[in-house]
Each structure stands twice: as C-alpha cells, then as structure tokens.
Amino acid sequence: MFSIRPYQSPDWPFLWPILQSVFATGDTYAFSPTSTEAEIHNTWVTLPQATFVATTAAGAVIGTYVLKPNQPGLGSHVCNCGYVVAESARGCGVATGLCEHSQAQARALGYRSMQFNLVVSTNVAAVRLWQKLGFAIVGTLPGAFKHSRMGYVDAYIMHKSLFAS
Ligand SMILES: CC(C)(COP(=O)(O)OP(=O)(O)OC[C@H]1O[C@@H](n2cnc3c(N)ncnc32)[C@H](O)[C@@H]1OP(=O)(O)O)[C@@H](O)C(=O)NCCC(=O)NCCS
C-alpha cells in the first residue's frame, strides 16, 4: 500500500538519493549521471509546476513524479511528466499509481494532453507501462539518447489525450 501527496521540503533527504541513483545509471533520463544534489533539486523541485511523492504507510518515500508545461505559451496546454520509483519498490504498481494520479492532476489544471519527450527505447519497462496506460508512440528520434552502456539508442515521443479516457 502506498499513498501519493505533494512533495514537502523535509522529503528532500529521502528523495534525492532515489533520483541520483536513477540518473547515475545513465540509461533512462538525459540528466547528467554526475548531476549534483543542487542540480537535481533544481530539476525535480524548483523548475516543475508540481512535484509529488509516493510514500509507504510508514511514511518512507518510494516514488515521485513531476508535472510541468511541455512548452511555453501556445504549447502550454500540453503537459510533460517524469516518474521515478525506488528500485526496491518496483513492480508493485507505484508508477502506475503515480501516472494515473498525474493524469488526474493534469486534467484538474486544465491540460489537454500529456507528452513524454524522450522515452528511451531500451527502457522496456517504461515503454510497456506507458503503452498499457494509454500512451502512444507518436515519433521515434533516431539515436537521440546516449545510453551509458549501449551508446546511441533511439528515443520515443509518447502522447496521450487527457480527454480520451
Ligand atoms: C519505469 C518505472 C517508473 C516503473 O515503475 P514501477 O513502479 O516498477 O512500475 P509498475 O509496477 O507500476 O508497473 C508495472 C508495469 O510496468 C511494466 N514493467 C515493469 N517492470 C518491467 C520489466 N522489468 N520489464 C518489462 N515491463 C516491465 C509492465 O508493463 C508492468 O505491468 P505488468 O506487471 O502488468 O506486466 C521504474 O522502473 C523506474 O523508476 N525506472 C527508472 C526511471 C524511469 O525509467 N522512469 C521513466 C522514464 S520514461
């Protein structure tokens, strides 16, 4: 069992090691594997419109997502989100819950659709999960991601209308 709530600053000491370990592997997000704590805080807390965390019944942070406009001005009705689940909590539906929560939040904020700009093609867990949740691959960016072990791999743009479900 887990619950989802807005990020609060006391979460940071528990959240950033989860993010750092994911960025450090260099196989899912474009953020530098050597990102500093301050850079990660800027990326995940300062810049997004909203940051949420998933917590266990005991209060441990096990996952997170961010939500922000994908573009300014005339593209700002489309939102963009990013999701991370602690390795120890994967495969239990946390990302599913986070993504469903983010769609409800996005609708409440007036967004019309959600777009993921750089889903690494080799990240099969993510690609399968987003497809299962109704996102379509609408484009393939050849060699757009420099994977830490596999080199240049394709990335997908994935999209879902928030009026579709
Ligand atoms: C991708 C990620 C968010 C998934 O989190 P999660 O909480 O484990 O996902 P859930 O338990 O909600 O989803 C399970 C579904 O994901 C997919 N999935 C999860 N692990 C998988 C794996 N190893 N292989 C294939 N599919 C997998 C399946 O569709 C699965 O559904 P199923 O059990 O019905 O087959 C998590 O692995 C993560 O944080 N990865 C690092 C960061 C990242 O890649 N973020 C997304 C960037 S686009």
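Laboratory data are not the source of any read-out in this text; all were calculated from the coordinates shown. In this text the structure is predicted, and so the values were computed from the model without any measurement. Quick reminder, even Gly has a Cβ in these numbers, built from the backbone with ideal geometry, and neighbours come from all protein chains shown.
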ask   = Which of the residues that make up region 38-54 are under 16 Å from the mean Cα position of the chain (by Cα) and either assigned to a loop (DSSP other than H, G, I, E, B) or of a type outside the set (S, T, N, Q) (or both)?
value = Ile40, His41, Trp44, Val45, Leu47, Pro48, Gln49, Ala50, Phe52, Val53, Ala54
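The rows are residues; the columns are (1) touching a residue at least 12 places away in the same chain (Cβ under 8 Å); (2) over 15 Å from Gln49 (Cα atoms).
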position: Val84; (1), (2): yes, yes
position: Gly93; (1), (2): no, yes
position: Gln105; (1), (2): yes, no
position: Ala108; (1), (2): no, no
position: Thr122; (1), (2): yes, yes
Candidate set: region 18-39, residues that are under 20 Å from Gly91 (Cβ atoms) and of a type outside the set (S, T, N, Q); chosen: the one surrounded by the most Cβ atoms within 10 Å (Cβ to Cβ) = Leu19
task = Collect the residues in region 6-37 that are in contact (Cβ under 8 Å) with a residue 40 or more places away in the chain, within 20 Å of Ala126 (Cα to Cα) and not in a helix (DSSP H, G or I), keeping them in residue-number order.
result = Gly26, Asp27, Thr28, Tyr29, Ala30, Pro33
ask   = Can you tell me how many residues in region 40-54 are in contact (Cβ under 8 Å) with a residue 40 or more places away in the chain and either crowded, with 20+ Cβ neighbours inside 10 Å or touching an Asp or Glu at 6+ places or on another chain (Cβ under 7 Å) (or both)?
value = 4
